Amino acid sequence: MRRARHHTSDLESNILKRVRASTGISRVELARHLGLAPSTAGIYVERLIAEGYLGESDKAERETGRPPVLLRLNPERGEFVGVDFEARNIMAVAIDFSDKPLRNAHLRIAESDSVGEITRKIEQAIKKVMPEDETRLLAIGVGVPGLVDSQNGIALHYEYIAHWKNVPLAGSLRKKFGVPVFLENTTRTMALAELWFGQGLGVGDFLCIGIRSGIAAGMILDGRLYCGAQHASGEIGRWRCPLVSGKAAEWFNPDAKDDSAFGPELQEVASVRAIQRVFAKAIAAGEKTLLRGSPNPIPIEDIVRAVQQRDPLALLVVNEVAKCLGWAISQLLLAVDPVKIMLAGPLTTLGDHLLQPLRAVIDSAIPSEPRPTAEIINSTMGEFIGALGAAALAVHEWRPARGSVAVRT
């Protein structure tokens, strides 16, 4: 027998994570998974039960003898809030202690909004989903677009919000709401949502590609979120994409002058913002389309309807976007070799109208031997995927406040 110095909150946090990851787990199984003596695990479990974090239930399927007592999370013990935002939208959700979604909110960001105004709107979104009893709020997670210093809670830079640089977002929100606040890149929170709630459950290696105002990839490798040496992994929207050729080339040309010999950035030709710009330029050039007369910027819902009605311009633009995205994904497949790639964001509403030409590009771009066999699919988690992932981030980073104790292992 040996005695080791453990931080109590770490042990209790690990117990809660293990229970959260299971459909029901006994004290003996819990001790074995965590490498603890059963008596030690029992001490901490009893404390968590006494404080309302855990409950107990019998396992019904046992035929003889006393059914084992399984541990479960108490959904009433508190709530977590997740916020996700990009250049034009703020999404927020609240989940209970057992990860069940409770409330959500959606706020718009105006192009003229200052950094301070955006921060205040993030606070408003949090207030909209908070529990009436504010003491039930345990922690907040925030999915931040662009580069993020997660350790220090600073949003470093995002190209599509003016003056968004070195924003101490975690500190200001922590001061406002009085709970721990955790920051992560928004596309990585999408990947976390897929890992914990979606099509990434049980998958060790997958990518989630977020396509909104920008484009980035959240990477789950060997079951863990990959962030990179400087927390800047997945910025595939900055990749230089081969130029669109033919009739559509002029529309896809970014407005800003770009002297690069390698073509424009991927997010300047295949993001939602770029697609809306392409349609506006094509319509201004006199192209016939069902989308003439739509609001500017053209809503994605209108583009989807036009594609479904076989509008020639809409089909042409979507096919060109699929080529650009297919080129990028083919490079990722060869570099990472994931099991799955999920697309997330408004373009998923295009369904197979986007996926089929995208897969065709990948098939032609990748050598036949060896050919990666990743499944390329649309996320099914909807527009709150990043907010759910941010809430899950808060769940997994939060821990009960304790001291240090010596325990037997």
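Please work out if residue 92 is in a strand (DSSP E or B), among the small types (Gly, Ala, Ser) and either touching a helix residue (DSSP H, G or I) at 6+ places or on another chain (Cβ under 9 Å) or closer than 14 Å to residue 186 by Cα (or both). Outline the logic, then answer.
Details: in a strand (DSSP E or B): yes; among the small types (Gly, Ala, Ser): yes; either touching a helix residue (DSSP H, G or I) at 6+ places or on another chain (Cβ under 9 Å) or closer than 14 Å to residue 186 by Cα (or both): yes.
Yes; evaluated as a whole, the condition is true for this residue.
Just to verify a result, which residue in the stretch 224-254, among those that are closer than 30 Å to residue 154 by Cβ and charged (D, E, K, R), is farthest from the chain's Cα centre (by Cα)?
240
Residue by residue through the stretch 121-165, note down the ones that are buried (at least 17 other Cβ atoms within 10 Å of the Cβ), aliphatic (A, V, I, L, M), part of a loop (DSSP other than H, G, I, E, B) and out of contact with any Leu (no Cβ under 9 Å at 6 or more places or on another chain).
Across the stretch 121-165, the qualifying residue is only 161.
For the stretch 170-178, does any single residue satisfy the condition of being closer than 17 Å to residue 391 by Cα and part of a loop (DSSP other than H, G, I, E, B)? Spell out the reasoning first.
Going residue by residue through the stretch 170-178, those that are closer than 17 Å to residue 391 by Cα are 170, 173-174, 177-178.
Narrowing the set further to residues that are part of a loop (DSSP other than H, G, I, E, B) leaves 178.
Scanning the stretch 170-178, I find at least one residue that is closer than 17 Å to residue 391 by Cα and part of a loop (DSSP other than H, G, I, E, B), so the answer is yes.
Out of the residues in the stretch 15-28 meeting the condition of being outside any helix (DSSP H, G or I) and in contact with a strand residue (DSSP E or B) (Cβ under 8 Å, 6 or more places away or on another chain), tell me which one is surrounded by the most Cβ atoms within 10 Å (Cβ to Cβ).
Among them, the one singled out is 25.
Hey, among 220, 275, 283, which residue is touching a strand residue (DSSP E or B) at 6+ places or on another chain (Cβ under 7 Å), β-branched (Val, Ile, Thr), assigned by TED's automatic domain parsing to the domain that holds residue 322 and not in a loop (DSSP other than H, G, I, E, B)? Can you show your working first?
On the way: 275 fails: touching a strand residue (DSSP E or B) at 6+ places or on another chain (Cβ under 7 Å); 283 fails: touching a strand residue (DSSP E or B) at 6+ places or on another chain (Cβ under 7 Å).
Exactly one of 220, 275, 283 is touching a strand residue (DSSP E or B) at 6+ places or on another chain (Cβ under 7 Å), β-branched (Val, Ile, Thr), assigned by TED's automatic domain parsing to the domain that holds residue 322 and not in a loop (DSSP other than H, G, I, E, B), namely 220.
Please enumerate the residues belonging to the stretch 29-43 that are touching a residue at least 24 places away in the same chain (Cβ under 8 Å) and surrounded by 13 or more Cβ atoms within 10 Å (Cβ to Cβ).
Taking the stretch 29-43 and keeping what is touching a residue at least 24 places away in the same chain (Cβ under 8 Å), we get 30, 35-37, 39-41, 43.
Scanning the stretch 29-43 gives 30, 36, 37, 40, 41, 43.
Given the options 12, 46, name the one that is at pLDDT 80 or above, buried (at least 18 other Cβ atoms within 10 Å of the Cβ) and not assigned by TED's automatic domain parsing to the domain that holds residue 185.
Values: 46 fails: buried (at least 18 other Cβ atoms within 10 Å of the Cβ).
That would be 12, the only listed residue that is at pLDDT 80 or above, buried (at least 18 other Cβ atoms within 10 Å of the Cβ) and not assigned by TED's automatic domain parsing to the domain that holds residue 185.
The values are calculated or read from the model by the stated rules, or taken from the named source; none is laboratory data. Everything numeric in this text was worked out from a predicted model, so none of it was measured. Note that we place each Cβ from the backbone using ideal geometry, even for glycine, and neighbour counts take in every protein chain shown.
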